[in-house]
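Read through the structure below, which is laid out as structure tokens, and then see the notes.
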Amino acid sequence: MHFKPKKSLGQNFLVDKNILNKIVNACDICSRDIVLEIGSGGGELTEFLAKKAKMVYAVEIDNFLCEVIRERFAQSKNIKVICADILKMDLSKKFKFLRRKMVVVGNIPYYISTPIIEHLFSSRGRIKTVFLTLQKEFAERVVAACGSKAYGALSCFIRYYSHPQLLFRIPAGCFFPVPKVDSAFVRLDMKKSFRLSGEREKMLFTIIRTSFNQRRKTLRNSLKDVISADKLFLFFEKYRIRKDIRPDALSLQDFVNLSLM
């Protein structure tokens with residue numbers, strides 16, 4: 001690398017060419033696809049993506065790196081560098097001219113993984129699929145199913161808006177500088193329709209967050225200040241659920257059912 005990564009921006013650049021190639025193949029990008037790349041760094045992944053996609057919009061927050069990749073791809077007609085903070089970009093407005101939904105690909109800073117995913121979900125109407133490199137433990141929480149130790153509020157949130165898959169793990173040695181943890185490559189296919197809206201949706205997420213804030217307690221105890229005892233009783237009876245059940249034993253559909261009581 002010809003530049004010093006900035007700890008303040010959580011920069012760990014993916015430099016292993018075999019993994020870069022594996023990532024692009026996993027994204028299954030075709031010549032009609034529009035790619036939004038988050039955290040382009042020095043352009044290592046950008047170059048691979050541009051060989052497959054119709055257009056790559058490379059978003060990078062680091063001003064110095066923006067100049068590096070602008071110079072590097074000055075002759076590339078299907079790469080446009082956007083020097084900006086992805087969290088401050090209104091993706092729905094920025095890309096309203098596109099007739100085709102985007103494929104998002106990103107090697108994102110671990111410390112803002114959740115805000116970035118939330119931001120992408122808020123612009124889900126413009127996005128077909130999201131591919132992200134995440135810290136391995138975080139990725140396991142993203143794809144966790146009910147009953148597992150990793151399952152929690154994040155898992156439910158992800159599954160409400162998308163169909164998640166953990167595609168493969170990436171050893172720490174594939175990055176520069178080398179992080180202290182391994183990573184994983186995750187796919188999130190955006191859902192086209194959602195079960196709830198407005199206040200019902202807000203209530204669902206309130207129930208989920210409150211339940212998992214005290215995950216060792218029974219559902220009745222953790223939700224006693226959110227849902228009346230009568231409604232909880234009806235929920236247990238209607239769906240034949242044990243009254244001593246804990247939150248991690250409920251599926252997303254169970255939480256949706258509860259929010260509709």
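Pairs exceeding a 21 Å alpha-carbon distance, out of Lys94/Lys128; Lys94/Lys202; Lys51/Lys101: Lys94/Lys202. If you build a Gaussian network model of the chain, linking Cα atoms that sit under 10 Å apart, which residue out of Leu49, Leu154, Leu232 swings the most? Between Leu49, Leu154, Leu232, it is Leu232 that shows the largest mean-square fluctuation.
Where a ≥ b ≥ c are the square roots of the eigenvalues of the C-alpha gyration tensor, would you call the stretch 198-259 rounded, which needs a/c under 1.5, or, failing that, prolate if a/b is larger than b/c, or oblate?
rounded
Between the stretch 155-199 and the stretch 113-152, the alpha-carbon centres lie 3 Å apart. By the Cβ-Cβ criterion of under 4.7 Å, the unpaired cysteines of the chain are Cys27, Cys30, Cys146, Cys156, Cys174.
Just for the chain, what percent of DSSP beta bridges are antiparallel, to the closest 5? So the antiparallel bridges amount to about 45 percent of the total. Computed over the Cα atoms of the chain, the ratio of the radius of gyration to the Kirkwood radius (Rg/Rh) comes to 1.03. For Ile127, the residues whose modelled amide H falls within less than 5 Å of its own, excluding neighbours fewer than 5 places apart on the same chain, are Met102.
Within the chain, which whole H helices from DSSP have a Cα span along their axis of at least 18 Å and a mean Kyte-Doolittle hydropathy of -1.0 or more, if any? Helix filter hits for the chain: 198-213. When only alpha carbons are used to place a centre, the stretch 232-246 and the stretch 30-73 end up 50 Å from one another.
Values in this text are rule-based calculations from the coordinates and carry no lab data. None of these values were measured; they are calculated from a predicted model. Counting neighbours? That spans all protein chains shown, and the Cβs are built from the backbone with ideal geometry, glycine included.
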